[in-house]
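Working notes, structure below.
Bear in mind these aren't lab numbers, they're just calculated from the coordinates by the rules spelled out. In this text the structure is predicted, and so the values were computed from the model without any measurement. All Cβ positions, glycine included, derive from the backbone under ideal geometry; neighbour counts span all protein chains shown.
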Amino acid sequence: MAKRLVASKAKSDMSTVRALVILLCLSAPAVHATQPFPLNWPSRLKIPRGEIVELKVYGEGLSSVEAQWAERNLPFYAVAPGLFAAIVGIDLEAKPGVSKITITATNDAGRQRRAETTVQTLSKAFRQESFTVAAGFDQLSPDALELIRIERADFALAFSTPAAERFWEAPFIRPVPQESSSSFGYRRIINGKLRAPHTGADLRAPIGTEVLATNHGRVVLTGNYFFAGQSIVLDHGGGLYTMYFHLSEFKVDAGTMVRRGDVIALSGMSGRVTGPHLHWAARLGNARVDPMGLIEKISIGQSREPGSVVGN
Ligand SMILES: [Zn+2]
């Protein structure tokens, strides 16, 4: 280029401009270089339906992480310096398949890096039992159908406006001391027809057992319903809800904030049940997930060690 500038005076002006443009073009990427900074994240998550996993993203000096999953925001939370995590939940009736989470990570210097995690939904077999009953045995009256309509509408309303703020922090606790009967996902086939799956864990609590809030949250529903009986729904923020059914007495009012371990109710056998127990359920971003996973798989708000990062 320098040679041409010397050789042709007539072209020199244009050449100079061109040289400058080329120089600017060459230098521009250097100034704004998105030199990818080191980032650790899992490139793939394999999640059986009805389960949750933590998705952890780690990078030195990482200041924020945002993510999109199936056109929804997937909220990430700071766990430790440079470490962010989100909970990913798959609905218990989800079909096996593949989806993508698009992650945008920003560091202290304002640099951004994109990353992608493939979510593979795995099939999972739940317990099924077949029954034959006399035709019309479990037919519901028009009054019952109206009550069921109200029940569905009230729950849909309770789930319609999740608090954006995360109220919860690990660990989650068991709402009653009794063990779960591993009934999550259980389905009955009555007269050859597959019924709706069981969407919670049944804990065999005797009537009058104190029911504790599994974590901090807001009481967004208290009511008495056809199937669920006396029920409470807690909104834990960020799209996470827990539910407590078949209660005998409420100890909190709708609209109040509760802390983990607060007594929110006494257990019972209200609603459509055959015996006393607490039906405990969880919902995460519209996915019905096994609530026991909250106790077993979440470290957000608790872990101060970036040691459990899943490398890419
Ligand atoms: Zn149940």
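A few points about this structure:
- With R₀ set to 22 Å, the beta-carbon distance separating THR256 from ILE148 gives a calculated FRET efficiency near 0.20.
- Taking the C-alpha atoms only, the angle from helix 9-31 to the longest principal axis of the chain is near 30 degrees.
- Straight-distance crosslink candidates among aspartates and glutamates, where the alpha carbon sits under 17 Å from LYS251 and sequence neighbours closer than 8 are dropped: GLU210, ASP235, ASP262
- Net dipole in debye of segment 128-296 [+1 Lys, Arg Cβ; -1 Asp, Glu Cβ; about Cα centre; nearest 20]: 300
- Gaussian network model of the chain, springs between alpha carbon atoms under 10 Å - residue of ALA228, ALA125, ALA86 with greatest fluctuation: ALA125
- Adding -39500 (n - 2.57) for every DSSP H run of four residues or longer, then dividing by how many residues the chain holds, sets the calculated 222 nm ellipticity at -5500 deg cm²/dmol.
- Leading residue at positive end of dipole, the chain (Cβ point charges), from PRO206, TYR58, PHE245: TYR58
- Between 0 and 90°, nearest 10: helix 142-158 axis offset from the chain longest Cα axis: 30
- Residue among SER123, ILE150, ASN215 farthest towards the positive dipole end of the chain, charges placed on Cβ: SER123
- Annotation: average projected area of the chain is 23.0 square nanometres, based on the convex hull of Cα atoms across all directions.
- For segment 128-296, the equivalent ellipsoid built from the Cα gyration tensor has semi-axes of 27, 17, 16 Å, listed from largest to smallest.
- Dipole in debye (nearest 20) - the chain, about Cα centre, beta carbon charges: Lys, Arg +1; Asp, Glu -1: 1620
- Relative compactness, segment 41-140, computed as alpha-carbon Rg over 2.2 N^0.38 Å: 1.52
- The stretch between ALA156 and PHE137 holds 4.0 nm of extra length on full extension. This uses 0.36 nm per residue minus the Cα-Cα distance.
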